[in-house]
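Quick notes on the structure that follows.
The values are calculated or read from the model by the stated rules, or taken from the named source; none is laboratory data. Computed from a prediction, not measured in an experiment: that's the story for all the values here. Note that each Cβ is placed from the backbone with ideal geometry, even for glycine, and that neighbours are counted across all protein chains shown. The area values use the complete protein model at the heavy-atom level, side chains included, leaving out ligands, DNA and RNA. Shrake-Rupley method; radii C 1.70, N 1.55, O 1.52, S 1.80 Å.
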Amino acid sequence: MPRITVIGSINMDLVIRAPRLPRTGETLFGEGFSMVPGGKGANQAVTAARIGAQVTFVGKVGRDIFGEELRTSLARERVDTRYLFTDDHAATGVALIVIDNSGDNSILVAPGANMRCNPEDVDAAAEELAAADVLLLQLEIPLETDDYAISLAKRHQVPVILDAGPASQRAVSNLKQIDILSPNETEAEALTGVKVSGLKGAEQACRSLLSKGVGTVVLKLGAQGAMIGDRDGIRHIPGVKVHVVDTTAAGDAFTAALAVALGEGKGIDEVVVWANHVGALTVTRLGAQTSLPTREEVDRFIKP
Ligand code: RIB
């Protein structure tokens, strides 16, 4: 079983389904409300644990009811929470999510304690990190913390996967140290300035990221699958057709699947085919962590 350290965000997601997003100044009735554990980091940690990894999570919550609930639910998923710290000065991260009729979402995040996850917190988990098969990061905590974690991982020859979400023009300071960079279309566009609409744009964005020194780029294309760019060239791995209920956390599930399959020693093309299935299963269900599949579900989905 691969050992994966995830350093990143943890939020309570407040989710409402609505026919569309409200306009400025408008009050709109939605159809039901749910409170679901989320945060890109925690979503990736939970996916990795469910699909077959031993996972340690490093992050920060506030000293409040959401923080307590998130800690309990992460531990219930068999994720090691020894390095989930509690901050006395900031609230637990919260995300307001609206899901429209087509399953697309809009997410507004109040990061709170996530932005107080600092290099000292990474240091506290240094031993775990050094022993990991993969370090998995995103951009929902301070960049300097990501940078610090990357340099520590590299010192111990631990491969680094960076999920480039949420979209930011500021990337980690040394993309050359990233083994696999996995942005979605918007994130790739923010990092490269290349408009990613269609496969041609995706190809161009991959080239641009490779020219910045990234080892391998896996550009997530939603229903269209993913584009891989590495020293063997650029190629498209088609997506898996499913009925879309909610796309929340599908990208997180995909990136976590990359980490697990890589930790299991699979080659990158095989890894991406597998990750496409994990992402596809996730969009068939509502919510972030409520939608993440188990290993058995993924196996059954691939070979019914
Ligand atoms: O990627 C989905 C996640 O983004 C949500 O769970 C939300 O908390 C935000 O971090």
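Check segment 267-277 and report whether any residue there is in contact with an Asp or Glu (Cβ under 9 Å, 6 or more places away or on another chain), among the polar types (S, T, N, Q) and touching a residue at least 40 places away in the same chain (Cβ under 8 Å). No - not one qualifying residue is present in segment 267-277. Pairs are defined by a Cβ separation below 6 Å, a sequence spacing of at least 6 or placement on different chains, a first member in segment 1-26 that is modelled with pLDDT under 95, and a second member that is not in a loop (DSSP other than H, G, I, E, B); the pairs so defined are M1/Q54; R17/I99; A18/V98; L21/V98; L21/S106. Residues in segment 225-259 that are closer than 15 Å to T282 by Cα and more than 16 Å from the ligand (Cβ to nearest atom): G225, G239, V240, K241, V242, H243.
Condition check ((1) among the small types (G, A, S); (2) within 14 Å of the ligand (Cβ to nearest atom); (3) surrounded by 23 or more Cβ atoms within 10 Å (Cβ to Cβ); (4) in contact (Cβ under 8 Å) with a residue 40 or more places away in the chain) across all residues:
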position: R50; (1), (2), (3), (4): no, no, yes, yes
position: V55; (1), (2), (3), (4): no, no, yes, yes
position: G59; (1), (2), (3), (4): yes, yes, yes, yes
position: G62; (1), (2), (3), (4): yes, no, no, yes
position: F66; (1), (2), (3), (4): no, yes, no, yes
position: A110; (1), (2), (3), (4): yes, yes, no, no
position: M115; (1), (2), (3), (4): no, yes, no, no
position: L136; (1), (2), (3), (4): no, yes, yes, yes
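Residue count for segment 200-220 under the criterion of being within 30 Å of T284 (Cβ to Cβ), open to solvent by 10 Å² or more (accessible area, probe 1.4 Å) and in contact with a helix residue (DSSP H, G or I) (Cβ under 7 Å, 6 or more places away or on another chain): the result is 2.
Restricting segment 87-105 to residues that are more than 11 Å from the ligand (Cβ to nearest atom) and closer than 18 Å to T282 by Cα leaves a set whose member that is surrounded by the most Cβ atoms within 10 Å (Cβ to Cβ) is I99. Restricting attention to segment 280-304 and to residues that are closer than 19 Å to P2 by Cβ and in a loop (DSSP other than H, G, I, E, B), the residue that is nearest to the chain's Cα centre (by Cα) turns out to be L292. If the condition is being open to solvent by 60 Å² or more (accessible area, probe 1.4 Å) and farther than 20 Å from V109 by Cβ, then segment 178-195 contributes G193, K195.
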